[in-house]
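Let me begin by presenting the structure, written as structure tokens, before commenting on it.
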2 protein chains.
Amino acid sequence: MNNKGDKFLKNISKILIKKPAQHIYEAFIDPEKIGNFWFSTSSERWKEGKTIILRYDEYNAEGSIQVLEMVENRMIRFEWGHEHVVTINFIEQNESETIVEVIEDGFNKEDENLLPYILDNKEGWVYMLCCLKAYIEHGVNDLRASLVK
Amino acid sequence: MNNKGDKFLKNISKILIKKPAQHIYEAFIDPEKIGNFWFSTSSERWKEGKTIILRYDEYNAEGSIQVLEMVENRMIRFEWGHEHVVTINFIEQNESETIVEVIEDGFNKEDENLLPYILDNKEGWVYMLCCLKAYIEHGVNDLRASLVK
């Protein structure tokens with residue numbers, strides 16, 4: 001399911017990356033690659049139905065995701081945090097360009113802390129997408145974990 | 001003035017960049033450099049009291065800013081858009097690291113479109129800061145203008 005209903009808001013962020021989708025999709029699911037642009041480590045290769053532990057060594061923090069659905073080189077859907085569902089779509093534009101779209105669903109419109117919560121979430125996704133672009137296009141792998149709270 | 005009052009919200013974004021403040025400050029005010037991480041062009045060198053035209057060639061768009069105050073290698077303050085005041089602080093941590101902090105003030109809490117407006121603003125600032133970091137630390141200058149709306 002891609003829609004949690006009217007009570008909830010989605011946070012959507014998209015970026016264009018100049019590489020084929022397969023290359024970018026693999027960067028998320030291969031535990032050797034995620035540390036180049038997002039979390040420090042991922043406990044194992046992502047697969048449908050698996051629970052994956054993601055660590056941020058810099059913040060001494062970790063969390064888990066439940067991988068709900070994967071379509072090779074096209075889509076990854078997982079659940080994390082407080083019943084939020086994240087869908088990452090890899091939308092190939094042509095042989096060398098892909099739009100990566102992140103949709104996080106589950107922000108309660110009536111949450112009194114909605115605004116700071118969703119702004120913080122937006123910050124995280126846009127930063128990850130920019131670090132991903134720098135890594136995929138240029139091999140630059142040390143931009144991550146430098147936002148200051 | 002750094003505070004528009006209780007009726008308004010600020011949007012604050014910060015990143016750590018591994019270079020001295022002077023290097024980063026210069027990237028904003030030198031019209032030869034801004035195209036490496038933010039707008040396409042800047043009409044002239046930024047100075048207190050000047051009105052500067054900023055262009056996004058990719059979107060065939062342009063806007064102007066009024067430079068209100070500058071403290072060399074420390075702070076730039078300008079007004080743009082609908083009476084929003086932007087303060088960029090360059091906070092040196094040591095000889096080789098600087099926190100760049102962007103504070104945009106002027107979001108009306110009672111604006112019914114506040115949420116999409118401030119999310120879009122957050123997206124823009126975080127993306128600019130990440131592109132700035134990639135440019136300053138690695139000379140990567142082609143990440144900009146790739147967010148998709």
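The values are calculated or read from the model by the stated rules, or taken from the named source; none is laboratory data. Keep in mind that this is a model prediction, so the values were computed, not measured. Positions of Cβ are generated from backbone atoms using ideal geometry, with glycine treated the same way; all protein chains shown enter the neighbour counts.
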Filter result for residue B:115 (under 30 Å from residue A:18 (Cβ atoms) and either surrounded by fewer than 21 Cβ atoms within 10 Å (Cβ to Cβ) or more than 9 Å from chain A (Cβ to nearest Cβ) (or both)): no
Which condition number in (1) in contact (Cβ under 8 Å) with a residue 60 or more places away in the chain; (2) loosely packed, with under 15 Cβ neighbours inside 10 Å is the one that residue B:20 fails? (2)
All conditions in (1) at pLDDT below 95; (2) under 17 Å from the mean Cα position of the chain (by Cα) are true of residue B:149 except (2)
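Of the residues B:102, B:126, which is closer than 16 Å to residue A:147 by Cβ and more than 9 Å from every other protein chain (Cβ to nearest Cβ)?
Going through B:102, B:126 in turn, just one is closer than 16 Å to residue A:147 by Cβ and more than 9 Å from every other protein chain (Cβ to nearest Cβ): B:102.
Taking the conditions exactly as written (at the interface with another protein chain (Cβ under 10 Å from one of its Cβ atoms) and not in a helix (DSSP H, G or I)), does residue A:145 satisfy them or not?
On the way: at the interface with another protein chain (Cβ under 10 Å from one of its Cβ atoms): yes; not in a helix (DSSP H, G or I): yes.
So residue A:145 fits the description; yes.
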Among strands (runs of 3 or more DSSP E) entirely inside region A:1-92, those with 1 or more residues being within 14 Å of another protein chain (Cβ to nearest Cβ) and of a type in the set (Lys, Arg) are A:8-17
Restricting attention to region B:113-149, the residues that are small (Gly, Ala, Ser), in contact with a Cys (Cβ under 9 Å, 6 or more places away or on another chain) and free of Cβ contacts under 8 Å to residues at least 24 places away in the same chain number exactly 1
